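A short write-up of the structure that comes next.
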Amino acid sequence: MQHNFNLKFWLGVLSTGIPMLAMLVAIAISSGNDLPKPAFPAWGRTYLTGYNAAQIDHYLFRFDLFGFGDRIREADLLILGSSHALFGISAEQISTSLSRQRGHRVAAFNLAVGGDGLGFAREVLEANRTHGQTLLLDLYSNDGGLLSPAARKVLQGDILVAYVAVALATTEFARDWLLDRLLPRIDFGRGASLRVERHLRPVVTRRWDNGDLDDLWTPEHGSLFQKPAQTLVPRLLIDPLQPKGPHLALLPKYRDYLASRDSRVVLTLVPYDDYRVDEAKLIAEQTGRPFLQIEPADLQSLDGGHLNAGSRSIVTRRMLDHLFDQSAR
Amino acid sequence: MTYTDTLFLILFAFIAIVSAALRPMTRAREWLLIGFSLLVLASWGMFGLALFLAIAVANFFAAAAIVRLAGFTRKALLFATIAADVAALALFKYADFLAGNILSATGWSPPHLALGIPLAISFYTFHVISYLVDVHRKVVPEAGFRHYIFYLSFFPHVIAGPIVRAWQFIPQLHAPRRVRTDLAIGLHFLAVGIFLKSVIADNIGAAIDPYWVAGAKATFAERWLLALLYYCQIYGDFAGYSLMALGMARLLGYRLPANFRCPMLAASLQDFWRRWHITFSRWLRDYLYIGLGGSRRNLPHTSINLFTTMVLGGLWHGAGWGFVLWGGMHGALLVVERVLRRERTRAFHRPWMTWWAVTQICVVLAWVPFRAPDLATVGEFYATMILPTSLHIRPQILEPMIYAVPVFAHQLSPLLIRRVKRRLLPFALGAGTAVILLLDVVVHSHSRVFIYFRF
């Protein structure tokens, strides 16, 4: 009786599942979206930092997972800030230029984390017991001690929670990466009655050795960071509630914290739409820290706020020119 | 880790295979499953795991002592241990709620503990209390530590139920059964559970959440629809989770009690509670309602017992007046129902359809305080729901109804199954499982934590 049940059950599974699977594969293939999928992150070269709504940098940096703490401690210069600094400053370029200028290797690491700023960077610096490094701080959206909800959640967790969070995001990504263009993703009942999409969701990858942004891939646009901008993606990464520039009200906190560190702190502001450089300069003046002003001309952004790879290179070069000028003086 | 995460499902598949391979080695198999259960708890934070182990070990020794004692000391130890368990639950779950209410009532601010609610504490507290009482009542024999911790930590039920009694579960450890249909039925439960949770509940939640925030505007018809959709969401979420738990347990060779039985077909509140969160309502009946005196005395006493049980049941869900109100509404309606039954009023003899409609309207209304963020929003909701001002429904509130259809269909599934010829049933079940599994993979879902994980 039970044997008969099992036989019929699996017959039902196969006889229905196989034709339905074939139909879904046909839908995926004929969906018309032929954008190549992103490269699978290569261990030791690039890593997954964000997938869909999950962000894992917070865990990697705060809990010193997979040797990130060592790379942060070993860096001579750390780039701090939000997604603007992540998209807009290249640690590799800084490292290459400074090493050439000084005649010895100068390691730089991009510690910027999307949605956060000095508040979370502070936690990472303390947790990894860094000291004596040069800190290059982008002033956009740095809330001087305030933490994003994602950062607060991370700080309440422990190392096992951190490993699980990383593993969760990685397995979700790996599953969708494998199924992408084999099976569709079907969305019912939001605006359009039925929408067939790519299986993969937006992916952000970074460089393993220096934390630089490797790429941002979306199912609608493919690789967004590495290719030159054709059209702006409206409000892709900008939260409408995000402050639109430096936070003057939190100036005292910046001053106190920056004064308390035994690090050389250099301030900057990566250009974006409605570039509020005067407020950033004011913060630099009030805190008594050097400010690297960047010319906003001829830069391309993905969404009005985040630069692409070509513009990141220009911004970093302009920043380094200012830095060398200041050192020469 | 939640049970719909790919990582969890991969780990579960691995554990299920290893556990099947270890079937002849009972001890090794049980320790493997205990280890995995503790890992699942730890994945939400080491503190939660430490607290669980501390409470579990303390109750194990208390139960051992209760078995060996007699007379007054035996009873005193039982009450002291239960009091300590309830105190631990209250400290973590209700201390800040109480402090907030003291502050608003007196202006004095008690110390803010901000301990956070450890995962699963409400559920395992109920488990340990039932174990203590059942050991005391000699309903179950004292379990060895391995079986006790296995029962308490078993991952399919530890976080959000079903609330399993020791007598339902521990005997299965002594005499494991091997049923050849377990794989098929377990897979079916798992697939349907994931579908109800990921495809249905998460998508409804994503669509209606913006309209449940304080100050959100909606018309008469929209408010009713929002309350109905929340009913569908919480059913999908919790019945989905419960089915997953049953499916996972079955795939490992164990049986857990069912937690839902078509609650949307209930034609009375009493019937509703026999169909909704069944293991919870049975727990309340056996350990609280009967403990308070049950229906042994006159109607006023019975009514007070019923009302108190439901209010405490509401409060168990969370520290908030909304939950108290939800429990109170159910308690009051159960009392009214009992009075009507007792008096055998003419209203009582109305057709099933009328009672069904009245019951379901009451249930939908009661979900408002359960879901709304505060009592002011509850007031706004009820004010709009009572006065039929506008029947206009915005498309974005109407669209999630597409996800409510499978919830209604799920209520009717036992009737449909009865209509399928017996010899065709396994085939139909297999075909349905394949379709649902593929839908689980391809339908877009806004991944969210299970609602009952918060309790």
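The values are calculated or read from the model by the stated rules, or taken from the named source; none is laboratory data. All of these numbers come straight from a predicted model, not from anything done at the bench. Here the Cβ positions follow ideal geometry from the backbone for every residue, glycine too, while neighbour counts run over all protein chains shown. We work out accessible area using only protein heavy atoms, side chains counted, and drop any ligands, DNA or RNA first. Shrake-Rupley method; radii C 1.70, N 1.55, O 1.52, S 1.80 Å.
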Of all the residues that make up region B:172-197, how many are away from chain A (no Cβ under 12 Å), closer than 23 Å to B:PHE408 by Cβ and not hydrophobic (A, V, I, L, M, F, W, C)? 2
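Determine which member of the set A:ASP180, A:ASP209 is more than 9 Å from every other protein chain (Cβ to nearest Cβ) and closer than 21 Å to A:SER30 by Cα.
Details: A:ASP209 fails: closer than 21 Å to A:SER30 by Cα.
Exactly one of A:ASP180, A:ASP209 is more than 9 Å from every other protein chain (Cβ to nearest Cβ) and closer than 21 Å to A:SER30 by Cα, namely A:ASP180.
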Any residue at all in region B:71-92 that's under 16 Å from B:PHE150 (Cβ atoms) and touching a residue at least 24 places away in the same chain (Cβ under 8 Å)? no
Within region A:26-54, residues farther than 30 Å from A:SER82 by Cα and in contact with a strand residue (DSSP E or B) (Cβ under 7 Å, 6 or more places away or on another chain) come out as A:ILE27, A:ALA28, A:SER31
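Kindly evaluate B:PHE427 against the criterion of being over 30 Å from A:ALA169 (Cβ atoms), part of a helix (DSSP H, G or I), open to solvent by 30 Å² or more (accessible area, probe 1.4 Å) and aromatic (Phe, Trp, Tyr).
Values: over 30 Å from A:ALA169 (Cβ atoms): yes; part of a helix (DSSP H, G or I): yes; open to solvent by 30 Å² or more (accessible area, probe 1.4 Å): yes; aromatic (Phe, Trp, Tyr): yes.
Criteria met by B:PHE427.
In this structure, does B:VAL57 turn out to be in contact (Cβ under 8 Å) with a residue 12 or more places away in the chain and more than 23 Å from the chain's Cα centre (by Cα)? Before you say what the answer is, go through the steps one by one.
Details: in contact (Cβ under 8 Å) with a residue 12 or more places away in the chain: no; more than 23 Å from the chain's Cα centre (by Cα): yes.
Considered against the rule, which asks whether it is in contact (Cβ under 8 Å) with a residue 12 or more places away in the chain and more than 23 Å from the chain's Cα centre (by Cα), B:VAL57 comes out as no.
Looking only at region B:62-76, decide whether some residue is within 25 Å of the chain's Cα centre (by Cα) and open to solvent by 50 Å² or more (accessible area, probe 1.4 Å).
Looking for residues that are within 25 Å of the chain's Cα centre (by Cα) and open to solvent by 50 Å² or more (accessible area, probe 1.4 Å), one finds none in region B:62-76, hence no.
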Wholly within region A:1-91, helices (runs of 4 or more DSSP H) carrying at least 2 residues that are open to solvent by 60 Å² or more (accessible area, probe 1.4 Å) and within 13 Å of another protein chain (Cβ to nearest Cβ): A:2-29
Only one residue in A:PHE120, A:PHE109 is away from chain B (no Cβ under 14 Å) and either in contact with a His (Cβ under 9 Å, 6 or more places away or on another chain) or β-branched (Val, Ile, Thr) (or both). Which one? A:PHE120
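For B:ILE417, indicate whether it is within 30 Å of A:ARG195 (Cβ to Cβ) and modelled with pLDDT under 90.
Numbers: within 30 Å of A:ARG195 (Cβ to Cβ): no; modelled with pLDDT under 90: yes.
Here the answer is no, as B:ILE417 does not meet what is asked.
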Tell me, which residue of region A:285-299 that is touching a residue at least 12 places away in the same chain (Cβ under 8 Å) and not in a loop (DSSP other than H, G, I, E, B) is surrounded by the most Cβ atoms within 10 Å (Cβ to Cβ)? A:LEU292
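Would you point out the residue of region A:250-284, among those that are part of a strand (DSSP E or B) and not aliphatic (A, V, I, L, M), that is surrounded by the fewest Cβ atoms within 10 Å (Cβ to Cβ)?
In the first step, residues of region A:250-284 are kept if they are part of a strand (DSSP E or B); the result is A:264-268.
Restricting the remaining residues to those that are not aliphatic (A, V, I, L, M) gives A:264, A:268.
Values: A:ARG264: 13, A:THR268: 27.
In this case the residue turns out to be A:ARG264.
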